[in-house]
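Below is one structure, written out as structure tokens; the observations come after it.
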Amino acid sequence: MPRLKDKVAIITGAAGGMGSAAARLFTREGAKVLLVDREEEGLVKLANLLPPEQASYFVADVTDEAATKAFVAAALKRLGGLDIALLNAGIEGEIGRIDEVPVAAFDRVMAVNVRSVWLGLASLMPAMRPAGGSIVITSSGAGLRGSAGLAAYSASKHAVLGLMKSAALEGAKDKIRVNAINPAQTRTRMMEAIDAHLNAAGRTGDPAARIPLGRYAEPSEVASMMLFLASDESNYCTGAAYQVDGGSMS
Ligand SMILES: NC(=O)c1ccc[n+]([C@@H]2O[C@H](COP(=O)([O-])OP(=O)(O)OC[C@H]3O[C@@H](n4cnc5c(N)ncnc54)[C@H](O)[C@@H]3O)[C@@H](O)[C@H]2O)c1
């Protein structure tokens, strides 16, 4: 039996590496998905790969309050319900030391990575109150420890863990579960951009060699954890963060 049969899921950052892997997996497992991203071209490309009766897309900037309310309303209207939300859109921001990066770049990272999660929770929780639901937030290994050169990103990913834990407490009585995942290096555009920057800055050696499993994750491997947390198999899990990191934090 498909693990998300008859479920409706919103996925933000759906045009990106992890979001699109989750969309493919969730639809294979029977879900209907509303794909949300600011990149229309990527959304159209992804939607064309998915069964039309199971996928719809919505172009939105997740930092925008009205747009967030609109995509939550669209899921209810177009897909007939709302059981799951994957708050996954994110940016790495500018790479550099704290004294090198302009404060506007810090503000942008906080807007895309933290404000968007606040806005998402504020719209999703009332919508899910009648029947319960599962919200999964994409944090990062950088949400558990510092990251030299990516301080704003690291701060943003720590911040969403605080939002996740607080929302889990607020949602529990209505059976709204809220969890986070902490992936480490995963093969997507974001990781390619960070690697390109660090290599250009003179990094030597293979970064994967520092990962106990010896390689980066595939987006599908992160999506598998998203699926578990989205599905009823994790019914007793809320308020926690789950690592998908090849042993990096051990
Ligand atoms: N790739 C990694 O190694 C890694 C590791 C840990 C955590 N993460 C997190 O995983 C999530 C997904 O990232 P990814 O690796 O798939 O990168 P990605 O760049 O492939 O995908 C991110 C997506 O978010 C979208 N997005 C960015 N800003 C947006 C906005 N304002 N409104 C709407 N959409 C917006 C982008 O258009 C893109 O499609 C992010 O939250 C990221 O921080 C990534």
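The values are calculated or read from the model by the stated rules, or taken from the named source; none is laboratory data. Predicted, not measured: the structure shown is a model, and the values here were computed from it. Glycine also receives a Cβ, built like all others from the backbone with ideal geometry; neighbour counts cover every protein chain displayed. Just the protein is used for accessible areas: all its heavy atoms, side chains included, with ligands, DNA and RNA removed. Shrake-Rupley method; radii C 1.70, N 1.55, O 1.52, S 1.80 Å.
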**Prompt:** Restricting the first residue to region 119-139 and requiring it to be at negative phi and more than 14 Å from the ligand (Cβ to nearest atom), which pairs with a second residue that is open to solvent by less than 10 Å² (accessible area, probe 1.4 Å) and acidic (Asp, Glu) meet a Cβ separation below 7 Å and a spacing of at least six or different chains?
**Reply:** none
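Give Val62, Val72, Val33 a once-over and let me know the one that is within 16 Å of Leu119 (Cβ to Cβ) and open to solvent by less than 10 Å² (accessible area, probe 1.4 Å).
Val72
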**Item:** Answer residue from region 153-165, given it is open to solvent by 20 Å² or more (accessible area, probe 1.4 Å) and either within 22 Å of Ile98 (Cβ to Cβ) or over 15 Å from the mean Cα position of the chain (by Cα) (or both) and is nearest to the ligand (Cβ to nearest atom) among those
**Value:** Tyr153
**Message:** I'd like to know if region 190-204 contains one or more residues that are without any contact (Cβ under 8 Å) to a residue 40 or more places away in the chain, among the charged types (D, E, K, R), within 14 Å of the ligand (Cβ to nearest atom) and open to solvent by 70 Å² or more (accessible area, probe 1.4 Å).
**Reply:** yes
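Looking at Ala105, Ala168, Ala148, Ala142 in this structure, which one is hydrophobic (A, V, I, L, M, F, W, C), open to solvent by less than 20 Å² (accessible area, probe 1.4 Å) and more than 19 Å from the chain's Cα centre (by Cα)?
Exactly one residue qualifies, and that residue is Ala105.
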**Prompt:** For region 26-49, how many residues are within 13 Å of the ligand (Cβ to nearest atom) and out of contact with any Ser or Thr (no Cβ under 8 Å at 6 or more places or on another chain)?
**Reply:** 7
**Asked** Among all residue pairs at least 6 apart or on different chains, which show Cβ distances below 7 Å where the first residue, located in region 15-37, is farther than 11 Å from Ile84 by Cβ and the second is of a type in the set (Lys, Arg) and part of a helix (DSSP H, G or I)?
**Response** Gly16/Arg189; Gly17/Arg189
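Part of a loop (DSSP other than H, G, I, E, B), of a type in the set (A, V, I, L, M) and open to solvent by 50 Å² or more (accessible area, probe 1.4 Å) - does that describe any residue in region 93-100?
Yes, the conditions are met somewhere in region 93-100.
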